[in-house]
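Participant: Sharing a structure below in structure tokens format, with a few things to ask.
Read the figures in this text as sums done on the coordinates, not as results from a lab. Treat the numbers as computed from the prediction; the structure is a model and nothing was measured. Please note: Cβ atoms are built from the backbone with ideal geometry, for glycine as well, and neighbour counts cover all protein chains shown.
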Amino acid sequence: MEQYTLKAEDSLMVYEFLSEGPKGKIPKLVKFSKTNTRDLFNLAFGDKDLKTGNIDDLIISNNGDSEMVLATVVATVYAFTDKHPEAWIYATGSTLARTRLYRMGITKYIVEIRKDFEVLGMRNNAWYPFRKNVEYVAFLVRRKK
């Protein structure tokens, strides 16, 4: 799948790319952050706030390139887990609608994703193997060994 060119920090914890579409070039950030749990990292994603350099995960760009953006975020997960093969990556949307979009993206590519990753979904405060047509509030992925 086609994706945008990534720029990464040496640590491979922060990635940047440009979304290109009818609304112009929009800088995006993907950031992996350590949590208090060993080998568990949070994935944050959104537009780059040019004033602060931080992620704005509430803005809606609608730049017509969501498939390429998703493919690019997935590429960061591959790069990150190349360097951190034991990592579990936690992701959830900043809103229920975004979490639903992430679920739809995972569902669409679940066959390909499962070749390389274990995928879990959270519902009722418990983790379950990801299944299509099930609503989840968060997701966990880890590279298969």
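Participant: List nothing, just return the count: lysine pairs in region 7-75, 8 or more apart or interchain, with Cα separation under 13 Å.
Facilitator: Number of lysine pairs found: 5.
Participant: Could you tell me which GluC sites (Glu not before Pro) in region 1-35 are loop residues by DSSP with no more than 11 other beta carbons within 10 angstrom of their beta carbon?
Facilitator: Taking region 1-35 and a limit of 11 other Cβ atoms within 10 Å, the loop GluC sites (Glu not before Pro) found are GLU2, GLU9.
Participant: While we're here: How about region 77-133: which trypsin sites (Lys or Arg not before Pro) there lie in a loop by DSSP and see at most 13 other Cβ atoms within 10 Å?
Facilitator: Answer in residue order: ARG131, LYS132.
Participant: May I ask for the percentage of alpha-carbon pairs in the chain that lie more than 28 Å from each other?
Facilitator: 14 percent
Participant: Quote to one decimal, in nm, the extra length available between MET122 and SER94 on full extension: 0.36 nm per residue of separation minus the C-alpha distance between them.
Facilitator: 8.6 nm
Participant: LYS115: which lysines have alpha carbons under 19 Å from its alpha carbon, excluding same-chain residues fewer than 8 sequence positions away?
Facilitator: Qualifying lysines at Cα under 19 Å: LYS83, LYS132, LYS144, LYS145.
Participant: So which trypsin sites (Lys or Arg not before Pro) in region 24-69 are both in a DSSP loop and have at most 10 other Cβ atoms within 10 Å of their Cβ?
Facilitator: Hits after loop and neighbour filter: ARG38, LYS51.
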